[in-house]
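Asks: Here's a structure for you.
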Amino acid sequence: MRKLPLVGACVMGLILTSCGENIEQKATERLNSAQQAFVSGDYNEAKLQIDSIKILYPKAFEARKEGIKLMQQVELKEQRESLVYLDSMLSVKTEEFDSMKSKFVLEKNAEYQKVGNYFWPTQTVENSLHRSFLRFQVNEQGIMSMTSIYCGPSFIHHLAVKVTAPDGTFAETPASRDSYETTDLNEKIEKADYKMGEDGNVMGFLYLNRDKKIKVEYLGGKKYNFQMTGADLTALTNLYELSQVLSAITQIKKEQEEANLKIQFIEKKIAEKESKSE
């Protein structure tokens, strides 16, 4: 009777040993699947298999250790391939920008401006004196903005703009956060600025209706309206398209910087572990 506990202990030991080996074996199988997915370029599947080892087999220490190493290689490969793609996209967008930039006027004072602004030639200051209109500009980072300009015998104190298409559809800006009024030789001048994204989608609406007659209303004080000229709609169209290209270039450069930082971080981690293992 006294031998039974010893036999039971031996059996239990064999079971635990078997379970331990089984856990490592299953974890290793998933690690192998992750390795195969990595080789075939299925990085998402590789990461899923590696993550499953940590979740399902937390005590499979050797497999988890190897999984961490493989995960670093997966992420490194992902970022390097991402850089190749981003380099290709940047080349395409830069070529597109180079083919169109000569159409615009770049205004930039090197003494106090880090970022210049592109204008359509018909809307530069010297070509737009003494008239009320919507002026558009795009900075070198692709941010587009609109300025509602009023020139007249008396102030109307406008702070917002409403644009209406022939079918009655319209868009309207919120009140401008950046406006001012002045007088020049008895002419009253008002200006209010609106950035894209904070313009009530007025610029997007104008682009979609660029081939239509657009009614412009200045809101906030006295009523004032006019029909947008074909030249100003042409300015809006070309600057809107320039904005899309420059915004894409800015975003690509940001993603390139992020990818390079991730690569540097991963390579540093790999180097640290290699130095500790020596």
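Asks: For the list (1) more than 22 Å from the chain's Cα centre (by Cα); (2) assigned to a helix (DSSP H, G or I), I need the number of the one condition that Glu111 fails.
Replies: Going through (1) more than 22 Å from the chain's Cα centre (by Cα); (2) assigned to a helix (DSSP H, G or I) one by one, Glu111 breaks only (2).
Asks: Restrict the check to the range 123-132 and report whether at least one residue is in a strand (DSSP E or B), assigned by TED's automatic domain parsing to the domain that holds Gln244 and surrounded by 16 or more Cβ atoms within 10 Å (Cβ to Cβ).
Replies: No.
Asks: Hey, any hits in the range 54-62 for a residue that's modelled with pLDDT under 85 and over 25 Å from Phe265 (Cβ atoms)?
Replies: Residues of the range 54-62 modelled with pLDDT under 85: none.
No, that holds for no residue.
Asks: Out of Glu241, Glu258, Glu278, report the one residue that is at pLDDT below 95 and either within 21 Å of Glu140 (Cα to Cα) or outside the structural domain of Ile68 (by TED's automatic domain parsing) (or both).
Replies: Glu278 is the lone residue from the list that is at pLDDT below 95 and either within 21 Å of Glu140 (Cα to Cα) or outside the structural domain of Ile68 (by TED's automatic domain parsing) (or both).
The values are calculated or read from the model by the stated rules, or taken from the named source; none is laboratory data. Here the structure is a predicted model, which means the values were calculated and not measured. Reconstructed Cβ throughout: ideal geometry from the backbone, glycine too, with neighbour counts over all protein chains shown.
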